[in-house]
Amino acid sequence: METGLRSGSGPGLCLVCWNVNGIRARGKRLLPLLQRLQADIICLQETKVTRDLLDEPTAVVQGFNSYFSYSRGRSGYSGVATFCKDSVIPFAAEEGLSGILANQGGTPASCVLEGFSDEELRALDGEGRAMITKHRIRTCGEEEEILTVINVYCPRADPEREDRSHFKLRFYQLLQARTEALLQEGGNVIVLGDMNTAHRPIDHCQPGELDCFDKHPDRVWLNGFLSCPSELSRLDQANEISDPAPGLGVRGGNGSGLLVDAFRLFHPSEREAYTCWRTSTGARKTNYGTRIDYIFANKSLAESILQDCVLMPEIEGSDHCPVRAVLKARCVPADKCPPLCTKYMPEFAGLQQKLSQFLVNVQDSQVVPEPWNNPGTERRSQPQVDPRTKEGKVAGRRTGRCLMRGRGTRGKADPRLSGSLLRFFKPAPASTSPALEVRDDLRLSSQVALTVGTHRPAQDKEVNQDTGAKEQKSESQAGFWKSLLKGLPPPPHCSGHQEPCLLRTVRKPGSNQGRQFYICPRPEGPLSNPASRCNFFRWAKAT
């Protein structure tokens with residue numbers, strides 16, 4: 001698989017997208033991971049973090065400014081995050097696609113989006129699936145332009161839930177509407193992330209029948225969203241783009257869209273270029289997956305400053321791999337981060353009120369230890385202040401003491417409510433003192449030892465008889481349980497490789513849920529690959 005930049009390509013603005021399948025577990029390893037990606041703008045999907053679960057090591061990373069979008073309804077679900085180097089500070093950031101969540105500098109939804117109700121927009125943006133950042137860039141001609149980066153994690157269509165298929169299509173339509181509105185405003189747009197759809201048959205390890213594949217609603221929308229790379233005549237000539245396998249659907253959309261698939265623009269016929277694999281079947285070992293992670297760019301940007309786009313399968317740590325694109329441009333950083341930046345959150349900016357703020361420290365010079373708590377310690381002198389005066393009330397507050405008022409004690413402190421916590425614990429009775437118990441045990445053991453020493457032969461014989469009886473009984477019980485619980489029989493060998501099979505359990509709801517079965521131990525892959533799994537399958541017998 002091609003992973004390097006084209007020859008002659010120089011340094012530029014680098015963007016990376018990656019579905020990390022959870023960000024919280026990375027902790028202190030997050031900074032080295034971001035540094036390894038060697039990118040200026042890093043867009044992560046499926047962070048699985050909500051506002052209450054976001055911790056400081058994840059939110060505030062040295063050298064980066066970050067922007068998170070969270071699910072409003074489910075904890076540990078969905079979520080995206082955009083990390084920008086401090087040299088690439090955006091001048092605006094917005095959570096969601098519609099601008100309806102918080103509208104931090106974003107365009108109100110009613111101005112650009114038609115056909116969506118406010119309730120539907122809140123639902124579509126309520127799962128934390130989009131983050132928009134806006135940057136100022138300069139190209140080779142030193143012309144300053146606006147680049148909008150849309151980081152998305154598109155929903156997955158559950159085939160058993162029709163409502164989620166509809167939700168996914170509506171999310172696609174909302175993404176397209178916002179992209180069109182941004183392009184109409186001027187500037188460039190890059191959409192990148194996990195689209196959860198393999199675009200063409202060449203992007204899928206098991207495309208099936210081509211007619212059915214292309215007619216899927218998700219792909220019909222994607223074909224309209226993307227432009228065909230052949231429209232970019234200059235790049236066609238430079239890269240000599242051709243279609244050596246017409247039946248694979250190598251090219252992009254039908255030409256009516258606004259964006260271009262950056263990877264296929266430079267690698268139109270590269271096969272087995274996948275970004276996602278099933279980890280449960282070990283399919284990454286045989287490169288048996290799908291390409292569902294993309295970087296899309298508007299056509300004018302692709303013709304002028306898009307330098308290359310590559311996959312990064314060497315980066316592990318998720319069931320997806322990153323995708324990287326380079327632009328012949330440099331960023332003009334903003335003077336300060338947008339308000340949505342995580343470092344401005346109260347819990348990370350030092351503005352969050354803590355319980356310690358409401359507590360008053362008691363100074364050592366004002367503490368009066370009780371004589372029955374500290375034997376042999378003298379009382380420390382205290383200024384004689386009349387509690388009835390104003391100064392006395394202030395002094396009482398400074399020492400952290402409360403003047404308890406009750407029946408018959410008005411204006412006086414209750415001595416029972418002061419002193420050390422130790423006075424609530426009483427010493428153990430003498431009869432249960434641990435030291436006495438130890439001495440009694442030692443005395444009793446010595447008496448037993450003397451008794452045993454005088455009658456040892458007879459008692460040894462009885463002990464040996466008891467031990468033998470117990471061993472016979474234990475062996476009998478062990479044999480009984482072994483006969484009752486025989487355990488699983490040895491696994492059969494698969495027919496393709498004659499290797500011991502793996503035992504699996506059906507998780508999918510249905511009549512077979514909970515049943516166990518045997519399959520080939522090798523990873524999933526194409527049948528043409530001898531290292532991949534054979535078709536062996538056998539139900540395990542119920543015990």
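The values are calculated or read from the model by the stated rules, or taken from the named source; none is laboratory data. Computed from a prediction, not measured in an experiment: that's the story for all the values here. Every residue, glycine among them, receives a Cβ derived from its backbone with ideal geometry; neighbour counts consider all protein chains shown. Heavy atoms of the whole protein, side chains included, go into the accessibility calculation; ligands, DNA and RNA do not. Shrake-Rupley method; radii C 1.70, N 1.55, O 1.52, S 1.80 Å.
If I filter the stretch 154-165 down to residues being in contact (Cβ under 8 Å) with a residue 24 or more places away in the chain and open to solvent by 40 Å² or more (accessible area, probe 1.4 Å), which single residue comes out as nearest to the chain's Cα centre (by Cα)?
Filtering the stretch 154-165 for residues that are in contact (Cβ under 8 Å) with a residue 24 or more places away in the chain and open to solvent by 40 Å² or more (accessible area, probe 1.4 Å), the one nearest to the chain's Cα centre (by Cα) comes out as ARG156.
Under 7 Å between Cβ atoms, at least 6 apart or on separate chains: pull out the pairs that start in the stretch 198-217 with a residue that is of a type in the set (Gly, Ala, Ser) and end on any residue that is modelled with pLDDT of 95 or more.
ALA198/HIS204; ALA198/THR290; ALA198/ARG291; ALA198/ILE292
Anything in the stretch 288-304 that is open to solvent by less than 10 Å² (accessible area, probe 1.4 Å) and in contact with a strand residue (DSSP E or B) (Cβ under 7 Å, 6 or more places away or on another chain)? List them, or say none.
GLY289, ASP293, TYR294, ILE295, PHE296, ALA297, ASN298, LEU301, ALA302
Just the residues that are open to solvent by less than 10 Å² (accessible area, probe 1.4 Å) and under 26 Å from GLU303 (Cβ atoms), please, taken from the stretch 131-153.
Of everything in the stretch 131-153, those that are open to solvent by less than 10 Å² (accessible area, probe 1.4 Å) and under 26 Å from GLU303 (Cβ atoms) turn out to be ILE132, THR133, HIS135, ILE137, LEU147, THR148, VAL149, ILE150, ASN151, VAL152.
How many residues does the stretch 178-205 contain that are in contact with a Leu (Cβ under 7 Å, 6 or more places away or on another chain), surrounded by 18 or more Cβ atoms within 10 Å (Cβ to Cβ) and either of a type in the set (S, T, N, Q) or not in a loop (DSSP other than H, G, I, E, B) (or both)?
Within the stretch 178-205, residues that are in contact with a Leu (Cβ under 7 Å, 6 or more places away or on another chain), surrounded by 18 or more Cβ atoms within 10 Å (Cβ to Cβ) and either of a type in the set (S, T, N, Q) or not in a loop (DSSP other than H, G, I, E, B) (or both) number 10.
Report yes if some residue within the stretch 99-109 is hydrophobic (A, V, I, L, M, F, W, C) and over 25 Å from LYS336 (Cα atoms); otherwise report no.
Yes, some residue in the stretch 99-109 is hydrophobic (A, V, I, L, M, F, W, C) and over 25 Å from LYS336 (Cα atoms).
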